[in-house]
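Notes to accompany the following structure.
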Amino acid sequence: MTRAYDPVLVEVIRNELAAVSEEMAIATARTARSPMVKVGDLTTALTDANGRPLGVGEGLGLFMFFSTAEGLVKRIRKKFGAEISPGDVFIVNDPYEGASHLPDLWMAVPHFCGETLAAFSLMYTHHVDIGGRFPSGQSGQCTETYEEGLRIPLVKLVDAGKLNQALLQLVLANVRGSDEYQGDVEGKMTGCWRATQGMNRVFEKYGLENFNACFDRVHEYTKAAALAAIAKMPQGEYKAELTLPDNGFGEQDPNLVMRVTLRILPDKLVFDFTESGPQARGAVNLPVENARGCVYGTCRRILFNDIPLNSGMMETVETIWPKRSVVNPEFPGAVGGRAMTMFLFEDLLHRVMAKALPGRVPVPCERWDLLHFTSKRPDGSDSVIMDAMPGGWGARPTLDGPDGVSQSGVSDIPVEIMELDHTLVVEGMELVRDSAGAGKFRGSQAVNKTVRYLQPGRLLIRTNKIVPTPGFDGGRAGIPSANVLHTGDKSTVLPGQAYLHIDIQPGDTIEHRVNGCGGFGNPFERDPVHVLADVRDDRMTIEGAFKQYGVVIDKSRMAVDEAKTRAARSAQQAA
C-alpha cells in the first residue's frame, strides 16, 4: 500500500539530496590532484540503506556506472554487517566485486540518523595508474587480471574515523605517480566528508521517516513514469549484433560478438545477451556491472530522459547475461581494456533501440580516445598524464551532432594545465574538414590533436572505435580514426588497433585523430543552405560539399547553384 506523503516536502528533500551528491562531486573535482578528475572522470551517487540509488551528481557524473552503487551497498552490508560505523570509508577497485576496471577506485561512506544506518554516498574516480605490466592499467594486451595491476578487495580505508595508513602505503608503493594517486584519494575523502556534512544536515532537518518517504515516493513516481513510456513502445522482439574489431592484441576474432535480443513487454523491457560470444583472451572483456549500467544509461537517454534517475527506472528494465562471455567475464579474465568494448556495447544498444523506434534514436557518439603518457620530469619525479579526447555526438533525428563534446560530462584537459605540470607540448588541436558522417543531419567532425613529448617515456594510445560508427536511416559514417608518429624527419602511420604501446623519445610527436560521427538520414535530403553554411564555417570544403551531398557551390559568389545541384544529386543518387 502506498504511504501518504507531502508532495512539496518530497520535492524539497529530493532536490536537497541531489545537491548533496553534486556537492560531493564538486568537492572532489576541486581538491583532487589529477587533471582527469578535475575535468569530470568521476561519478557520485546516493542510495538508501538498502542500496536503492536516488540519483547521481550528473553535472560531472557518468551514469553508465549508476548500477554499480546498488551492488556495492549490498556487498558492504553482507560483508561487514554490524561492523559498519560512522566515519567509515570503504574502498574497492576489483571488477569481480562489483567495480569496473582496476584504475577506477570506488569509495563508499555510510550515513547514520542517530544510531540507525540510513544511507550511503558512493563515488568513483579514475586514477592514472594502478601498477601492473602496462602503465595506466588499461591495456588490451593482458590475459589475466593479475597482470593488470593492484586489485583491491572491498575493505575499509577509514575505520570509524581512523585512516588505515598501512593500507594506503601498500597501495602507493604499487602505483606509478604515487603523489598524484594519493592526491586523488585525499580529494575523494574530501568529497566523502562533504557528503557526510550534507546528509547530517538532511537528517537533522527532516528526520529518517521523511527521508525514507521521499525515497519511496520518488521510486514509485519514476517506476510509473517509466512504465508509461514503455507502454507507448511497439511490443515485440528486436535483435542486433556487433563484432569487436580488436581482441586486445590488434587482431580480429569472429567469435567476439555481442548480441542482444530486446523484448518489449507491456510492463518491462528485457535485454537478453545470451547469444553473445565467449570471454576474450585479451583484456577487452566488459564487466557485467558496467554493461548493466550501459543498458540503464541508454534507456535513460532514449526513453526516460524527462524522469528522475533512480532505482524505480531500473526495476522496469531486465537484463540477462551469459556466464563467461565477453559481456560477463569470469575471474581472472582481464578487463583493463574494456573501454573499447563498453562504447561499442552502447552502439549495439542504440542499434537495437533504433529497430524498435525507427526515426527516433540518435546515432551513437564516439565517446573519447586517450593519450596516456608516463615519464620522468627533469627533477626525477614521476609524470603521469591521461588526456581524454572527446570526439563529439552522432547526428540526431532532427539535429546535427555537436562537435568535440562528450555526452557524459568528461572533457579534454586544458592545454595550459597539461603543459604546466607535465613533459609535453600540445602543438595543435583542430576539427577536421570533410570528416563528419554525411546525412540529412550530419554527425560531428573528427578531432585532430598533435602532441610533442619532451622526455623519454611510455605512451598508450587508446582508440575506442577503430572502425567508424555507421549512420542511421541512410546516414554515412565519418572518416576513420588515425595515429601518426613523427620522429625527426620520419612519419609513420601506426597500425589501426585499439591499444598501442609506444616507447617515446624526446622530440617525438603523435598526431591522433578521433573519427567523425555518423549522420542521420539521406545526405541528398540535406538542405543545401546548411551545406553552404558548413562550407562558410570551414567545416567542409567546396569539393566535399559536392562529393558528400551533391551540392554545387559557385566559388565566386559563395552561393549554391540550385540548377547544377539538382542535376548533380539526381546523377549521384542514380549511380
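The values are calculated or read from the model by the stated rules, or taken from the named source; none is laboratory data. Not measured: the values here are computed from a predicted model. When we count neighbours, we look across all protein chains shown, and the Cβ atoms used for this are built from the backbone with ideal geometry, even at glycine.
Taken over the range 143-193, the criterion of being among the basic types (Lys, Arg) and surrounded by 16 or more Cβ atoms within 10 Å (Cβ to Cβ) is satisfied by Arg151, Lys156, Arg176, Lys188.
For Ile466, indicate whether it is of a type outside the set (Asp, Glu), outside any strand (DSSP E or B) and either free of Cβ contacts under 8 Å to residues at least 24 places away in the same chain or on the phi < 0 side of the Ramachandran plot (or both). Yes. Considering the conditions (1) out of contact with any Cys (no Cβ under 9 Å at 6 or more places or on another chain); (2) part of a loop (DSSP other than H, G, I, E, B); (3) surrounded by 24 or more Cβ atoms within 10 Å (Cβ to Cβ), Met258 is excluded by exactly one of them, (2). Scanning the range 126-170 for residues that are part of a loop (DSSP other than H, G, I, E, B) and among the basic types (Lys, Arg), we see that the one that is nearest to Val284 (Cα to Cα) is Arg133. Reported count of residues in the range 225-255, each being out of contact with any strand residue (DSSP E or B) (no Cβ under 9 Å at 6 or more places or on another chain) and part of a loop (DSSP other than H, G, I, E, B), is 4. Whether a residue is touching a helix residue (DSSP H, G or I) at 6+ places or on another chain (Cβ under 8 Å), assigned by TED's automatic domain parsing to the domain that holds Leu172, at pLDDT 95 or above and of a type outside the set (Gly, Ala, Ser) was assessed, and Phe90 passes this test.
Is it the case that the range 225-248 has a residue that's buried (at least 20 other Cβ atoms within 10 Å of the Cβ) and at positive phi? Yes; the residues of the range 225-248 include at least one that is buried (at least 20 other Cβ atoms within 10 Å of the Cβ) and at positive phi.
For the structure I just gave you, tell me whether Leu46 is hydrophobic (A, V, I, L, M, F, W, C), crowded, with 19+ Cβ neighbours inside 10 Å, more than 17 Å from Val185 (Cβ to Cβ) and modelled with pLDDT of 85 or more. Here the answer is yes, as Leu46 does meet what is asked. Within the range 367-393, the set of residues being in a loop (DSSP other than H, G, I, E, B) and in contact with a helix residue (DSSP H, G or I) (Cβ under 8 Å, 6 or more places away or on another chain) comprises Arg367, Ser381.
Looking across the range 257-315, the residues that are under 26 Å from Val12 (Cα atoms) and of a type in the set (A, V, I, L, M) come down to Leu303, Ile307, Leu309, Met313, Met314. Of all residues in the range 412-434, those satisfying the criterion of being closer than 16 Å to His512 by Cα, under 23 Å from the mean Cα position of the chain (by Cα) and in a loop (DSSP other than H, G, I, E, B) are Asp412, Ile413. Scanning the range 483-496 for residues that are buried (at least 16 other Cβ atoms within 10 Å of the Cβ) and at pLDDT 95 or above turns up Asn483, Leu485, His486, Leu494.
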